[in-house]
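Heads up: the structure comes next, in structure tokens.
The values are calculated or read from the model by the stated rules, or taken from the named source; none is laboratory data. Computed from a prediction, not measured in an experiment: that's the story for all the values here. All Cβ positions, glycine included, derive from the backbone under ideal geometry; neighbour counts span all protein chains shown. Areas reflect the complete protein model, heavy atoms only, side chains present, ligands, DNA and RNA absent. Shrake-Rupley method; radii C 1.70, N 1.55, O 1.52, S 1.80 Å.
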4 protein chains.
Amino acid sequence: MQLKNDFNTVRKRSMHICAPLKTEDYVVQPVVDVSPPKWHLGHTTWFFETFLLKPHFPGYKEFDPNYNFVFNSYYETVGARVIRTDRGNLSRPAVEDVMRYREHVDKAMQAFLDTELSDEIRSLIVLGLNHEEQHQELLYTDIKYILGHNPLMPAYSDTAVTSITTPVTEQPFLQMPAGLYEIGYKGDGFCFDNELGRHTVYLQDYQISTQLVTNAEYLEFMEAGGYSDFRHWHAEGWDWVKREQVKAPLYWHFVDGKWMQYTWQGQQPVADDDPLCHISYYEATAYASWKGLRLPTEFEWEAAAPQLSWGQRWEWTESAYLPYPGFTKAPGAIGEYNGKFMVSQMVLRGGSEVTPPNHSRLTYRNFFHPSLRWQFTGIRLAK
Amino acid sequence: MQLKNDFNTVRKRSMHICAPLKTEDYVVQPVVDVSPPKWHLGHTTWFFETFLLKPHFPGYKEFDPNYNFVFNSYYETVGARVIRTDRGNLSRPAVEDVMRYREHVDKAMQAFLDTELSDEIRSLIVLGLNHEEQHQELLYTDIKYILGHNPLMPAYSDTAVTSITTPVTEQPFLQMPAGLYEIGYKGDGFCFDNELGRHTVYLQDYQISTQLVTNAEYLEFMEAGGYSDFRHWHAEGWDWVKREQVKAPLYWHFVDGKWMQYTWQGQQPVADDDPLCHISYYEATAYASWKGLRLPTEFEWEAAAPQLSWGQRWEWTESAYLPYPGFTKAPGAIGEYNGKFMVSQMVLRGGSEVTPPNHSRLTYRNFFHPSLRWQFTGIRLAK
Amino acid sequence: MQLKNDFNTVRKRSMHICAPLKTEDYVVQPVVDVSPPKWHLGHTTWFFETFLLKPHFPGYKEFDPNYNFVFNSYYETVGARVIRTDRGNLSRPAVEDVMRYREHVDKAMQAFLDTELSDEIRSLIVLGLNHEEQHQELLYTDIKYILGHNPLMPAYSDTAVTSITTPVTEQPFLQMPAGLYEIGYKGDGFCFDNELGRHTVYLQDYQISTQLVTNAEYLEFMEAGGYSDFRHWHAEGWDWVKREQVKAPLYWHFVDGKWMQYTWQGQQPVADDDPLCHISYYEATAYASWKGLRLPTEFEWEAAAPQLSWGQRWEWTESAYLPYPGFTKAPGAIGEYNGKFMVSQMVLRGGSEVTPPNHSRLTYRNFFHPSLRWQFTGIRLAK
Amino acid sequence: MQLKNDFNTVRKRSMHICAPLKTEDYVVQPVVDVSPPKWHLGHTTWFFETFLLKPHFPGYKEFDPNYNFVFNSYYETVGARVIRTDRGNLSRPAVEDVMRYREHVDKAMQAFLDTELSDEIRSLIVLGLNHEEQHQELLYTDIKYILGHNPLMPAYSDTAVTSITTPVTEQPFLQMPAGLYEIGYKGDGFCFDNELGRHTVYLQDYQISTQLVTNAEYLEFMEAGGYSDFRHWHAEGWDWVKREQVKAPLYWHFVDGKWMQYTWQGQQPVADDDPLCHISYYEATAYASWKGLRLPTEFEWEAAAPQLSWGQRWEWTESAYLPYPGFTKAPGAIGEYNGKFMVSQMVLRGGSEVTPPNHSRLTYRNFFHPSLRWQFTGIRLAK
């Protein structure tokens, strides 16, 4: 009953996120990391059809066999797929067909959820819902990119997605003592495989900032020539700055002598006190270097997080995305979930204004390539 | 009156071509040479707004100043523009906005056409209509590419765009005597600047085929290993064959031991007697070389054309696209029309099943880069 | 006897050209169009070994079977070859090995030349010598590029390769009447296959400049903003200017407020009265457009050439490189010589300061891609 | 005195490594990661000239100011430099000039070493020698690549660089208990900045293999289809396998039904019992996954190393190259040494047959991008 409620809540939320879009907005892919919204809607549906309904619900009638090719993402196990760069080249299936696909699968899932389900099946459904929640965050980030890179800069909606309240704290840094800490998920609820393998780490004593870096603080770095002083950058980051001619965070534009940023409501002046957003790992570490500080590791973050306010920005950490001790992949296609990305990515901790409610947690490990900025990323410092 | 009728006929025909499309089909750009249909609809409208209404119709109110940036194509004179590879990344203006743009401009043009117009203005309107007719052909070729490269291979319509009747002639080759011929446009009607400069050329005696190469004839070349024998190919063409792994004309697929081709009605068996279509200049010359023959020059084509049946396929000629003697550019942005493409392109003569009625003529010079195949191109031989 | 003399003269001249080089200069390939000098020395030798000695001189012992792979250029018939971009990655065979290879083949050729040779064989040897002369010109152009793109800008020699004397004429333009002209090679001497098929063309009346454009004249174009005014450029040329950030002819550098150019003697001030050199077809046509003139066609050039002074610069013409009427390829690998390049190249006529003596002639058709500048190219105007 | 001896020993060793080369071998750069040997010889010399002689030895006369541009590598502080991909395009300075440069600097250094030197200067000299030793290893790896990718596959020398003796141990795995371990350099000798910040880590109990994976063991993986089963690969590694069409370790060739490998003595059969060499991190982790095991972390490696035999292969670890707690960059150009590479690289521990004697140590942190294979890399497993 609870699972059925959860299923319906999550599935409806994806539709709610897309409600302000025009049909055309569902189709385009302005950069390879962005997927067309209709692809997200189809892909999350394909997950339930492929891993639940087809193998486990006798009598289920597949909606369209071609959709396996179109909506498969990176599951090599499950057959051929549209290459990632081609997603924005497909006008069909049309948006209305994708909606019918969702209805078809949702209806079958209602019936399936009314049957007696094993624990294994229930876990798989919960995984499917967490998977869809991850794509809900991507829907927001991709929609922002699609609209924010259009020369007309249309607004997504008149009201902010969520309001950000920046807590004020008296202590700029939290002092953490050296010692042994337990890292990784513990409990009965859902977590991803990459959080498992709870284990002990030894941390040196450290301090971690209680607040995120603000736009005003980052502007100081910019005005001090931060983007043109190689000393603060990784070699790879410096190449990126020069090649991409980066001069400011993503969505920032210098208009008539003033910094503006594209927001959900269209172009707006940069708000000084808001936590900085949409920066790469390279920018995060360059800023930290300029301040004479550093980023926390993911272990330092997790140990301190209960005493911190977090969840407005995904915070870059100074940890590469690697397996915890004892990490093992699940068998089959589901086993492709996380382990295969464990190279050349950095861990982000926290959550963002577009993370689904209750989706993130203290032990949640988000990860992206250090050059990417279209997620809602920010900076917390350590020393 | 005639001009107003022509205007309305041409403008309606663009809408008619797009009638079978879904909204999503208007948006995508699966390859750089293809433009999204909504872009063609906007760009042809922008031409009338920019070159007629704004400079010459006092009181005209521009629809949206941003559209100049979005729908400008290659007119450097008229300001910044969306780079060509980005056309498929723009979800806005939405299709309905483009339709409103067309209505807005069409309505103003009706009023403008009711005023007293100078000959120069009338010529510019005629140029705008011929320009739109060129884009009507591109609409067809681009729509075919968009649908034909979708893994679902949807049909464009149930009925053929036009029926092709291949005339049967007894004489396979027409014998033409050596001598002086007049080349280039003569008359009072409309022609493009690249056809002007009527001039004399001397041609050696030659023979030109009365019929186009058929699918069955080209299949012989394929089955004789034509795509794997470098001797028939230009060095540049051979590199292209290997790099792109070309093994057949565009839209041909080998399915279950049989050659199929994507058509307006979806996937169909290749029809043996139809004139071959969708081949590059490289393929055209390789086929000719394999037959021990050659392509005609554009002058040979024009001299013989009154005695030939033509108009089903754009026929690659062995002539590079270069200015006629005395060619001069018109002043201003209109002068960018043709001259600036006169390098690295080959001339095609004739017309195709998707060329607007009465748009082509004996002296019409179409041109494309030798590697391109998404136009309705075919082969006529000479010796 | 004459043939043997010619053979020895030509072969020695290649060594003479390379005499000022250091071993290291023989090895590098700073850009794909340039080949390492040791490759030219090996490749021209390979021609005699492959097409003369191995098939026609019984008892000849191949120097090293691996060399066929290393020194084959574009002859698909004769087996696998080192891809062009890899030529500069090969430190072996060492220069001294290439020299021993030349000696080995030269010695065998001496013996072969002392035998009774058929006309066909003699023609093939003459072709081999003309082939080597073409590579002698490339040796000069490639050596200039190798040294001129080195940050140390070393001189090639203390004395100019040849001195250029610019003839002064009173008539700036030669008037040519309309009428029929004969084009193509006539005579008993050697010519390339692309010059054959002597044929009649009809030319409109035209004027052709008696002098080449000078550095000073081209500087006027530069100072008038020629490189930043798109109106004078082909679309493809304009893209090239922007992509490559071209601001001056190749080898020109603006140093301390003054235009310098890399010459055989190192960096020197640009000489005002010298004929302009090292420009692309795009630049040639942009300059002509700025002057309100045009380039001559290759037919206009050939008809007027007996009355012109020419041979200091390869002159871009407004003719694409296409087959003459009746052009046929020779059978076998030799047949790959010219025909396969007859697409996407422009014809140059004349000759340059580094063209071997008596190598060029009135009917000689040189050809390069319109973007290339490392040849000794210049501009003659027509109207 | 010791320092002067060390200086002379290290400097001579670089020359000794290059002794078997031909002049041409010093010049080429067949792939971007490889540098021409003459560049290594110049760059290591430039280090002493730039950081010691010019700032600290009054009266020193710079050899050639242009060399700063040519031989600077990645030190942004010290001015412009030849871009990395261009190193193989430079025929000058000639090898003999580089040798004269070395002699010039060595001579000055002799004099400088005879003066009273501060501790700071002595440290800088020691850093310069360790820097040159790092380039000595690169000289070996780059020379192997240059010769091994030449179609003639010339031998480097008749005798092996060093002989490899594989110790046989009875215990396949060493059992290590959970607990606190100290990581990082301790002592008075030289170490790099990235080894400093000795600190405590907590390790879970683990087992680490006492022997490296052999060629025969890896062949089992290959024969079991390891290169075509995506399940064992990181997504990024799988893309790499497909894009580069990787089917075996670098330098392996399947010839007449048998695996051969390019060695210092030329092409040889793969030796079954030798430790596997020249594999990427992707291959290392895919092999480990296929065995149901994993790679050790760099901390596990360092804790166990005193009980292991190591030094024949650089061993990929499952640790990303990141700063130790308390890592700080040295001020100035020297500070660019290591920190700026701390992103997107994996740590290797151990040493190889071409690592200079006494150059590596238990705490030494080597690092490379996970795709690279031209170093002497191997696999040790853990569980």
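A Cβ-based charge dipole, computed about the Cα centre of the protein assembly as shown with Lys and Arg at +1 and Asp and Glu at -1, lands at about 0 debye. Mean partner shielding of peptide C:105-117, defined as the number of other chain Cβ atoms within 10 Å of each residue Cβ, is 0. Each distinct pair of alpha carbons in chain A adds a 1/r term; the inverse of their mean, the Kirkwood radius, is 22.2 Å.
Local charge for C:TRP316 was computed over the other residues whose Cβ lies under 15 Å away, with Lys and Arg +1 and Asp and Glu -1, and equals 0. With a simple spin-label model that places each label point 7 Å from the Cα along the Cα-to-Cβ direction, the separation between D:ASN130 and C:ALA19 comes to 5.4 nm. For B:SER319, the residues whose amide H sits under 5 Å from its own are B:GLU298, B:VAL347, ignoring neighbours fewer than 5 places away on the same chain, with H placed 1.01 Å from N. At q = 0.14, 0.16, 0.19 Å⁻¹, what log₁₀ I(q)/I(0) does the stretch C:2-148 have when each alpha carbon counts as one equal point scatterer in the Debye sum? Here the Debye-derived log intensity ratios amount to -0.64, -0.84, -1.18. Take each residue in B:91-104, count the other chain C-beta atoms within 10 Å of its C-beta, and the mean is 4. Taking the three principal axes of the alpha carbon atoms in the protein assembly as shown, the coordinate ranges are 99, 80, 64 Å, sorted in descending order.
If you take all other residues with their beta carbon under 15 Å from the beta carbon of B:GLN171, and give Lys and Arg +1 and Asp and Glu -1, the sum is +1. Taking 60 Å as R0, compute the FRET efficiency from the Cβ-Cβ separation of A:LYS12 and A:GLN171 and round it to 0.05. The pair A:LYS12/A:GLN171 has a calculated efficiency of 0.90. Taking 13 Å as the straight-line reach from the Cα of A:LYS4, the aspartates and glutamates in range (excluding those fewer than 8 positions away in the same chain) are A:ASP106, A:ASP114, A:GLU116. Remark: accessible area buried at the A-D interface is about 2500 Å², both chains counted, probe radius 1.4 Å.
Here the stretch C:1-21 is scanned for amide nitrogen atoms under 13 Å from the site 7 Å beyond the Cα of C:PHE57 along Cα-to-Cβ, giving C:4, C:7-8.
Counting only protein heavy atoms and using a 1.4 Å probe, what share of the accessible area of the protein assembly as shown belongs to carbon plus sulfur, as a whole percent? Carbon with sulfur: 51 percent of the solvent-accessible area. Angle, helix C:37-48 long axis vs. longest principal axis of chain C, Cα atoms, 0 to 90°, nearest 10? The answer is roughly 60 degrees. Of all lysines in the structure, those lying under 24 Å Cα to Cα from B:LYS383, and not within fewer than 8 positions of it along the same chain, are B:LYS291, C:LYS186, C:LYS329, C:LYS340. Sorted shortest first, the separations between the D:LYS12 label point and its copies elsewhere in the assembly read 4.8, 8.4, 9.7 nm; each point sits 7 Å from Cα along the Cα-to-Cβ line. With N the number of residues in the stretch C:173-378, Rg(Cα) / (2.2 N^0.38 Å) evaluates to 1.07.
Sorted from nearest, the other copies put their A:GLU244 label points 2.4, 3.0, 3.2 nm away, the label point being 7 Å from Cα in the direction of Cβ.
Near B:THR214, the amide H atoms lying under 5 Å from its own belong to B:LEU276; only residues 5 or more places off or on other chains count, and H is placed 1.01 Å from N. For chain A, what does the helix formula give at 222 nm: sum of -39500 (n - 2.57) over DSSP H segments with n ≥ 4, over the residue count, nearest 500 deg cm²/dmol? Helix-only estimate at 222 nm: -10000 deg cm²/dmol. Inter-chain neighbour count for D:25-31: the average number of beta-carbon atoms from partner chains within 10 Å of each residue's beta-carbon is 5. Remark: label point of C:PHE69 defined 7 Å out from Cα along the Cα-Cβ vector; separations to the same position in other copies 3.9, 4.0, 5.6 nm, ascending.
With all pairs of different C-alpha atoms in the average, the Kirkwood value for the hydrodynamic radius of the stretch D:245-338 is 16.7 Å. Converting phi to 3J(HN,Hα) with the Karplus coefficients 6.51, -1.76 and 1.60 and the offset θ = phi - 60°, the stretch D:292-309 yields x, 10, 8, 8, x, 6, 5, 6, 4, 4, 5, 5, 8, 3, x, 9, 10, 8 Hz in sequence order, with x at every glycine or proline. Electrostatic tally near D:ALA304: other residues with Cβ closer than 13 Å to its Cβ, Lys and Arg +1, Asp and Glu -1, net -2.
Computed with a 1.4 Å probe over protein heavy atoms only, the accessible surface of chain D comes to 40 Å² per residue.
The angle between the Cα long axis of helix C:235-244 and the longest principal axis of the Cα atoms of chain C comes to about 80 degrees, rounded to the nearest 10. Amide H contacts of B:ARG294 (H built 1.01 Å from N, in plane; Pro and chain starts excluded): B:ALA382 sit under 5 Å, all sequence-distant by 5 or more or on other chains.
Of interest is the spacing of the C-alpha centroids, which for the stretch C:1-48 and the stretch A:278-297 amounts to 56 Å.
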